[in-house]
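Worksheet: the structure to be examined is printed underneath.
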Amino acid sequence: MTKTQLYLISPPAFNLDDFAGELKEALAGGPVASLQLRLKDAADEEIIKAAEILMPICHARDVAFILNDHVDIAKKINADGVHLGQDDMDYGDARAIIGTDIAIGVTCKDSRHLSMVAAEKGADYVAFGAFFPSQTKKNTAPADKEILSWWVELFEVPCVAIGGITVENAQELIDTGVDFLAVSGGVWNHKKGPKEAVKQFNILFNA
């Protein structure tokens with residue numbers, strides 16, 4: 001069984017200078033696999049500016065930089081990956097635009113069918129959720145952790161669990177063998193700060 005890793009997601013809105021400091025602090029807490037920059041309502045220029053500041057911070061710590069949704073920008077800035085929701089661009093269209101060097105992850109909510117289709121097309125990872133009530137995504141369907149166990153048992157493509165995950169509730173998801181836990185508020189809003197949150201998640205992963 002592979003060891004679960006942390007997949008950070010940016011807050012839905014932030015002051016760039018402040019968040020750059022928070023990100024550095026978080027990454028000092030222990031290993032992090034990736035950061036997804038998720039700015040749903042921001043202008044392209046804002047996203048590019050944020051990427052120019054945040055991507056080098058990630059790469060200095062060997063953290064992959066993933067952009068949510070904006071395939072054209074992901075190609076322009078040479079991000080490590082792009083994440084597609086079910087309402088975003090089709091996987092095939094996205095792959096045609098960005099070529100083979102940038103990873104593509106696909107949201108599959110709680111659907112076994114969608115996840116198998118995504119993997120068949122060539123997705124680099126599939127994401128399931130939400131597993132717990134989430135402040136970041138209000139209108140998402142609840143998922144059952146059984147879907148993680150099912151996926152891990154049958155498929156090679158990595159899977160990501162998302163939605164309301166905190167240090168307090170993560171263990172039952174880790175126990176499924178899930179490859180990555182995608183966490184936003186559970187790190188940035190942790191009562192002892194992002195560095196402590198990352199440290200605590202890694203203690204759980206290493207137990």
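Just so it is clear, none of the values below were taken in a lab; they were calculated from the coordinates. This structure is a prediction, so every number in the text was calculated from the model and none was measured. Ideal geometry is used to build each Cβ from the backbone, glycine not excepted, and the neighbour counts take in all protein chains shown.
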- Message: Full-extension gain between SER149 and LEU16, please, as 0.36 nm times their residue separation minus the C-alpha to C-alpha distance.
- Response: 44.1 nm
- Note on the structure: Here the membrane-span-like helices of the chain, with no claim about any membrane, defined by DSSP H, Cα axial extent at least 15 Å and mean Kyte-Doolittle at least -1.0, are 16-27, 44-60, 194-206
- Task: Only Cα pairs under 8 Å and at least 6 apart count here; give the relative contact order of the chain as a rounded whole percent.
- Result: 24 percent
- Hey, what do the phi angles of the range 78-87 turn into as Karplus ³J(HN,Hα) couplings, whole Hz, using 6.51/-1.76/1.60 and θ = phi - 60°, x for Gly and Pro? 6, 5, 6, x, 9, 10, 10, x, 5, 9
- When ranked by the protection proxy of mean other Cβ atoms within 10 Å per residue, highest first, what sequence do the peptides 9-19, 101-111 form? 101-111, 9-19
- Among LEU37, LEU27, LEU154, whose mean-square fluctuation peaks in a Gaussian network model of the chain (Cα, cutoff 10 Å)? LEU154
- Which FRET efficiency, nearest 0.05, do ASP87 and ALA207 yield, Cβ-Cβ r, R0 41 Å? 0.65
- Message: Give the aspartates and glutamates whose C-alpha is closer than 15 Å to that of LYS191, dropping any in the same chain fewer than 8 places away, or say none.
- Response: GLU22, GLU25, GLU168
- When you count, for each residue, the other Cβ atoms within 10 Å and take the mean per peptide, how do 165-175, 89-99 rank with the highest first? 165-175, 89-99
- Item | the range 5-206: C-alpha gyration tensor shape, a/c 1.5 cut-off, then a/b vs b/c | oblate
- When TRP151, TRP188 are ordered from fewest to most other Cβ atoms inside 10 Å of their Cβ, what list results? TRP188, TRP151
- Item | Residues ASP72 and LYS24, FRET efficiency given R0 of 30 Å [Cβ-Cβ distance, rounded to 0.05] | 0.60
- Task: Before anything else, pin down the relative contact order of the range 1-73: Cα pairs under 8 Å, at least 6 apart, normalised by residue count, whole percent.
- Result: 37 percent
